[in-house]
Amino acid sequence: MKENKKIDPEMIQNYERKILKALEKAGEKCLTKKDLEAKCRTNKGDPGAFQAALKNLMMLGDVCVRRKGYGLSHLFGYYTAEVVRLSGTFGFVRPELDPENDVFIPGKFLMGAMPGDRVLYHLIPSRSGKPEGEVIDIIKEADSRITGRIIENEDGILCLLPDTMSKTPIRINRRQSVEYGLGDKVLAEIAIRGKRHAEHMVNILFSFGSAQQASACAKAMISLHGVTEEFSLEALSEAQTVSMEGIHPKEIEKRLDLRDAAIFTIDSAYTKDIDDAVSIERLGKGYRLGVHIADVSHYVRPKSALDMDAISRGTSVYYADQVIPMLPKELSNGICSLNPQEDRLAFSAIMNLNENGEIIKYDFKKTVIRSKVKGVYKEVNQILAGEADEFLNIKYADVIHMIPIMNELCDIRMAEREKRGAPEIETVESAIILNDEGICVDVQPRTRGKSECIIEEMMLLANEAAAKFAAEKGLPFVYRTHEKPSMEKIENLEHVLLRLGVDVPDFSDVKPVHLAQILKNAKGTPAYPVINVMVLRSMAKASYDTQPIGHFGLALKDYAHFTSPIRRYPDLAIHRIMSYFLETGNSQNVQRKYKAFSSEAAKSSSDAEIRAVMLERDCESCYKAEYMQQHLGEVFEGIVSGISDFGFYAELPNSVEGMVHVRTLPEDGEWYNDEGIAFKETCGDRQFRLGDKVSVRCVKTDVNSGNVDFEIAQ
């Protein structure tokens, strides 16, 4: 049997240079393959190397195919991009040369491209003033998995209606599909691609059950995003070994022993993965604060199976009453969790604070602790309110003396936060209440008491100290960063605020205090809830970075995530880096060992966080729609929370949001979107303005999409 001849890589690179030179010289006059071969003199070389070179350049997007032959992509205004989003009628691509500005692509110009595909596109005349384009070629196809529900087409044949990508049902390859039924929520993959989305054919990979059950929809979305609930067998084996070995006595001898100290945890009553504990005492006019964090890095070693699983997950994912942990339960709920009355290894930040709550000295120590009590937010709030009964006084006897001191420090820190100009943005989190069958039966806004604020301020101090430590020691690190808002977003915010009659500061140089002032000015007005959300949306997204560029939202120069290594990989990453420095005392050694790792951890953690936030939000929407399905026809009071071209959104006090479509409004007038500020009659005085109170009736829900429809209650 004849062996395939291996092509010399240098010869391929040589042909790549020749091809680019020939096409550059030809300009906008395309060359046929025959002409290109002649100019590259393939008759005196290796035709196989020429073919490989041409294929490489097309894969890179440097060379494109036109009707008359080959040409250089940039000469025709063709550029590379990644497809990042699809809806039923349009999509967006993210240019590789300008990743900050996505380009809108009408559905008919997508060529059937899927999310993750690498494509060539060019700009076309825009109808909106924003960048608009057309896909010219699909350079590299991504793993094309989609979710959707099974419906019947006009001929009574079962088809897939995708959740995104197409409003037209797609054919199913029945020979290569698992069992499914009408109305099922399914995961599918593209088996055959067409030139339009509706021409694709899919294999059904898995059926999750009815598309009108939120739990099925959530499982489908989790599967689509590659978030797995199962750990590798190697990781599970390592976790079991670590759990069974426990804490070696020699390890305790190396550490600062704080087992007799008054240290305790404060969490939700249902928390099982407890990764932070606190202690405090007065120190002259100031305080000595201890924030003691589970020493996960002691158990999760670099390049181990546990580490590989953890970095691929990046974070634990929480939705409804479910959690997909970053680490196996043997660690997250076991040996790493700071359970009461159990010896646990910790990484402690011990800080001296002055009377203004500012860090004047800090130290990081490897410790062994023994939490005195599992504190519960609700119970600590009762103690703070002077409502503790005998049970609470007994339970918290060893630590109750610290609670007033923590409360005092919290007040000082919150005043200091306001003083440095950090905007106080209020976010409403939802509590999804499920019955025994997993059906959402209630949605309630989560309330924050004083104990939640106390723990937040304690954790902020430890995070700030960790970032200071890294900056002062010159360590490679994973910082939690938050850049200032873009001027475009600030200009949009300013325009809307002025229309709403809210005073705005001079935005020539945007500072945190400016946004804080806007919120202060709006406090107490009907539009405050909406302005709060608008200020939040105007801000950049926080992420992880190897450079200490600061945190705009907290108005802090130094900030990192140190306090949750059980559920966030960046926290675990900096524990590992700081631990190595404490062992060696040599920052240059740390740089050599962990510089590349810190960069990888920052990038992968940022991506994982975005994925988790999207998943949690989308799952929550499905559960909210499931809840509202039980309240069809009922009337609710809400506020106008958003404006679109097709109507406006109303948000209820429990955080459920639904759309009031223009077609449900009075038909005796035409309506229009007034710059995203109000939905108005063209001829008339009627309008629905951001922040207006409104009575709405729930008329339709779709659990599969997470959509809720309202109409004005007459």
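The values are calculated or read from the model by the stated rules, or taken from the named source; none is laboratory data. As the structure is a prediction and not an experimental result, all values here were calculated from the model. Quick reminder, even Gly has a Cβ in these numbers, built from the backbone with ideal geometry, and neighbours come from all protein chains shown.
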Check your understanding: Just checking, which of S598, S606 is surrounded by 22 or more Cβ atoms within 10 Å (Cβ to Cβ), small (G, A, S) and under 23 Å from the mean Cα position of the chain (by Cα)?
Key -> S598
Practice item. Answer yes if at least one residue in the range 346-365 is modelled with pLDDT of 95 or more, within 20 Å of D295 (Cβ to Cβ), in contact with a Phe, Trp or Tyr (Cβ under 7 Å, 6 or more places away or on another chain) and assigned to a loop (DSSP other than H, G, I, E, B), and no otherwise. Key: no
Exercise for review: Report yes if L338 is out of contact with any helix residue (DSSP H, G or I) (no Cβ under 7 Å at 6 or more places or on another chain), crowded, with 23+ Cβ neighbours inside 10 Å and assigned to a loop (DSSP other than H, G, I, E, B), otherwise no.
Suggested key: yes
**Study point:** Exclusive hit being surrounded by 23 or more Cβ atoms within 10 Å (Cβ to Cβ), at pLDDT 95 or above, β-branched (V, I, T) and under 30 Å from E429 (Cα atoms), set V300, V291
**Key:** V291
Practice item. Would you be able to tell me the number of residues in the range 130-167 that are farther than 18 Å from V119 by Cα and small (G, A, S)? Key: 3
Check your understanding: Among I146, I139, I150, which is the only one that is among the hydrophobic types (A, V, I, L, M, F, W, C), touching a Leu at 6+ places or on another chain (Cβ under 9 Å), under 27 Å from G27 (Cα atoms) and assigned to a strand (DSSP E or B)?
Key -> I139
Review point. If you take the residues of the range 514-546 that are within 19 Å of the chain's Cα centre (by Cα), of a type in the set (S, T, N, Q) and not in a loop (DSSP other than H, G, I, E, B), which of them is surrounded by the most Cβ atoms within 10 Å (Cβ to Cβ)?
Key: S538
Exercise for review: Check whether at least one residue in the range 300-318 is without any contact (Cβ under 8 Å) to a residue 60 or more places away in the chain and assigned to a loop (DSSP other than H, G, I, E, B), and report yes or no.
Suggested key: yes
Study note, to complete from the structure: If we ask which residues in the range 557-582 are acidic (D, E) and either at pLDDT 95 or above or in contact with a His (Cβ under 8 Å, 6 or more places away or on another chain) (or both), their number turns out to be 1
Revision key, fill the gap. Given (1) over 30 Å from P485 (Cα atoms); (2) in a strand (DSSP E or B); (3) at pLDDT 90 or above, V65 misses just (3)
Check your understanding: Is there a residue in the range 455-468 that is in contact with a strand residue (DSSP E or B) (Cβ under 6 Å, 6 or more places away or on another chain) and without any contact (Cβ under 8 Å) to a residue 40 or more places away in the chain?
Key -> no
Revision key, fill the gap. Here the residues within the range 433-457 that are under 24 Å from the mean Cα position of the chain (by Cα) and in a helix (DSSP H, G or I) are E452, C453, I455, E456, E457
Practice item. Answer yes or no: is there a residue in the range 35-46 that is under 42 Å from the mean Cα position of the chain (by Cα) and either surrounded by 12 or more Cβ atoms within 10 Å (Cβ to Cβ) or within 26 Å of E132 (Cβ to Cβ) (or both). Key: no
Point to revise | Residues being crowded, with 16+ Cβ neighbours inside 10 Å and out of contact with any Cys (no Cβ under 9 Å at 6 or more places or on another chain) - total across the range 150-162 | key: 5
Exercise for review: Being in contact with a helix residue (DSSP H, G or I) (Cβ under 7 Å, 6 or more places away or on another chain) and either in a loop (DSSP other than H, G, I, E, B) or modelled with pLDDT under 95 (or both) is the filter here, so list the residues in the range 189-205 that pass it.
Suggested key: A191
Exercise for review: Restrict the check to the range 547-566 and report whether at least one residue is more than 21 Å from K473 (Cα to Cα), buried (at least 18 other Cβ atoms within 10 Å of the Cβ), in contact with a helix residue (DSSP H, G or I) (Cβ under 7 Å, 6 or more places away or on another chain) and aromatic (F, W, Y).
Suggested key: yes
Check your understanding: Going by the structure shown, is I394 part of a helix (DSSP H, G or I) and without any contact (Cβ under 8 Å) to a residue 40 or more places away in the chain?
Key -> yes
Review point. Do we find a residue being at positive phi, in a loop (DSSP other than H, G, I, E, B) and touching a residue at least 12 places away in the same chain (Cβ under 8 Å) anywhere in the range 410-432?
Key: yes
Review point. Of these, G524, G474, G553, G501, which one is in the same structural domain as E426 (by TED's automatic domain parsing) and more than 24 Å from T584 (Cβ to Cβ)?
Key: G553
Practice item. Go through the range 120-148 and give me each residue that's surrounded by 20 or more Cβ atoms within 10 Å (Cβ to Cβ) and under 25 Å from the mean Cα position of the chain (by Cα). Key: I146, T147, G148
Practice item. Select from the range 366-391 the residues that are polar (S, T, N, Q) and in a helix (DSSP H, G or I) and list them in ascending order. Key: N381, Q382
Revision key, fill the gap. Residue hits (the range 165-179; at negative phi and either in a strand (DSSP E or B) or buried (at least 17 other Cβ atoms within 10 Å of the Cβ) (or both)) are S166, P169, I170, R171, I172, S177
Point to revise | Given (1) over 22 Å from V323 (Cα atoms); (2) without any contact (Cβ under 8 Å) to a residue 40 or more places away in the chain; (3) of a type in the set (S, T, N, Q), index of the condition T271 fails | key: (1)
